[in-house]
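Working notes, structure below.
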Amino acid sequence: MNHLSRLSVVSVALVGVLVSGCAAMLTGGPLIEDPNGPIGTMTFVNHSSRDIHNVYLTRCSNSTYGGNRLDGPDIEGGGKHTFKMSPGCWSIRIDGKGTRGTKSFEVVANQDVVVTYDGRIKE
């Protein structure tokens, strides 16, 4: 392999590493980081009368939330949604018509943490 070929291989590998790192920043990262590792859950309960349209979740150490994590309909007033997640510090941001809030919370393996919204996000 000549010098130019080696440089091309290294360049392609570096771009791959950079793109995967940027993807985690843009998406907020995966909720389950190791499919074979411990898992906990976070149940979001909407105690308000307003629908929640978007739920964004990211690690506390990330600077961006990425896209909406709801995989179905809005969380209606009085409704709830449970997310499977890797243990550790997470941050939630919610959006809906006339609703918005952020909160950090801790997910523990094999346990459910309940995060509620009644005009403010609470744990």
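What is the sum of charges, Lys and Arg at +1 and Asp and Glu at -1, for the other residues whose Cβ falls under 15 Å from the Cβ of residue 52? Its environment carries a net charge of +3. Here each label is just a point 7 Å from Cα along the line to Cβ, and for residue 50 and residue 97 those points are 1.1 nm apart. Annotation: for a label point projected 7 angstrom from Cα along Cα→Cβ of residue 80, residues of region 99-123 with backbone N closer than 18 Å are 105-123. Stretched out straight at 0.36 nm per residue, the stretch from residue 41 to residue 108 would grow longer than its current Cα-Cα span by 23.3 nm.
FYI, it's all coordinate maths here, none of it is from the lab. Predicted, not measured: the structure shown is a model, and the values here were computed from it. Here Cβ is always computed from backbone atoms with ideal geometry, including for glycine, and neighbour counts include all displayed protein chains.
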